[in-house]
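Here the structure comes first, spelled out in structure tokens, and everything after it is commentary.
Every number here is computed from the coordinates shown, using simple stated rules; none is lab data. Note that the structure is a prediction, hence the values are computed from the model and not measured. When we count neighbours, we look across all protein chains shown, and the Cβ atoms used for this are built from the backbone with ideal geometry, even at glycine.
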Ligand code: OOG
Ligand code: MG
């Protein structure tokens, strides 16, 4: 399929408006069933351009659907990526006004901060680790703009991979401090354990997710510049939250990160 520039712009505006005003839309592939992943990515980059044009800064990137738990939960078989804008960032322990969101879910993730450019289709886990300044525990709040949180890979990529908010914990580690594939996470909702997992759930090693982002960006002649914050994707399935819910995620040796929905 070849979408005209005007269609890309129209669809970007449509999805961004749903994000900003917190309402559901039907998935865009219902109207454009032949849309390609590359066109969906054009839409995402147009949403990013719109935000930058209004003065927002892009503060990082995220990978999505990098774990089997997530792929199974969403019925999708390949990862997607998205960008993080400045206003997505929340403080640890923050109260999140749920009215700003549609049907939020939370995910336990680890995030990498790079200190060298990463580029090309064949970046390895070791290359990512040696280009990593810090690793931090994080919670991502995702909020698909699509009705009932149902989509395919193409429509979710266009929708900035459901990105909406994130929070980073206060303890950072050096990449060599831990084996990131065995790092454990336990998520509690209102004091009850709801999900648990280990780093290897994410593509066998969370650094492999950063490598995959480099390769996906390479398809557009983009790179991961030094100093990029990258969320590597939910280790467990995502957990739906409602007003009044408290979420706390404990990370093995890396403290806890929490949020409350109000
Ligand atoms: C897509 C985004 C998934 C992750 O960490 O796997 C994601 C979605 O499930 O809505 O952020
Ligand atoms: Mg995520």
**Prompt:** Kirkwood hydrodynamic radius for the stretch 49-136: how many Å is it when counted over pairs of different Cα atoms?
**Reply:** 15.8
**Alpha-carbon Rg/Rh ratio, for the stretch 28-77, with Rh computed the Kirkwood way** = 1.07
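For the stretch 1-99, what class follows from the C-alpha gyration tensor (a ≥ b ≥ c being the square roots of its eigenvalues): rounded when a/c is under 1.5, otherwise prolate if a/b is larger than b/c, else oblate?
oblate
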**Request:** Go ahead and estimate [θ] at 222 nm for the chain from helices alone: -39,500 (n - 2.57) per DSSP H run with n ≥ 4, summed, over the residue count, rounded to 500.
**Result:** -7500 deg cm²/dmol
**Asked** Using the scaling law 2.2 N^0.38 Å as the reference, what is the normalised Cα Rg of the stretch 5-261?
**Response** 0.94
**Complete:** For the residue 122, residue 10 Cβ pair and Förster radius 45 Å, calculated FRET efficiency rounded to 0.05 is 0.80
**Complete:** Subtracting the Cα-Cα distance of residue 37 and residue 2 from 0.36 nm times their residue separation yields 11.5 nm
**Length-normalised contact order of the chain in % [C-alpha pairs under 8 Å, at least 6 apart]** = 27
**Item:** Highest-fluctuation residue, 121, 175, 104 considered, GNM on the chain with Cα pairs under 10 Å
**Value:** 121
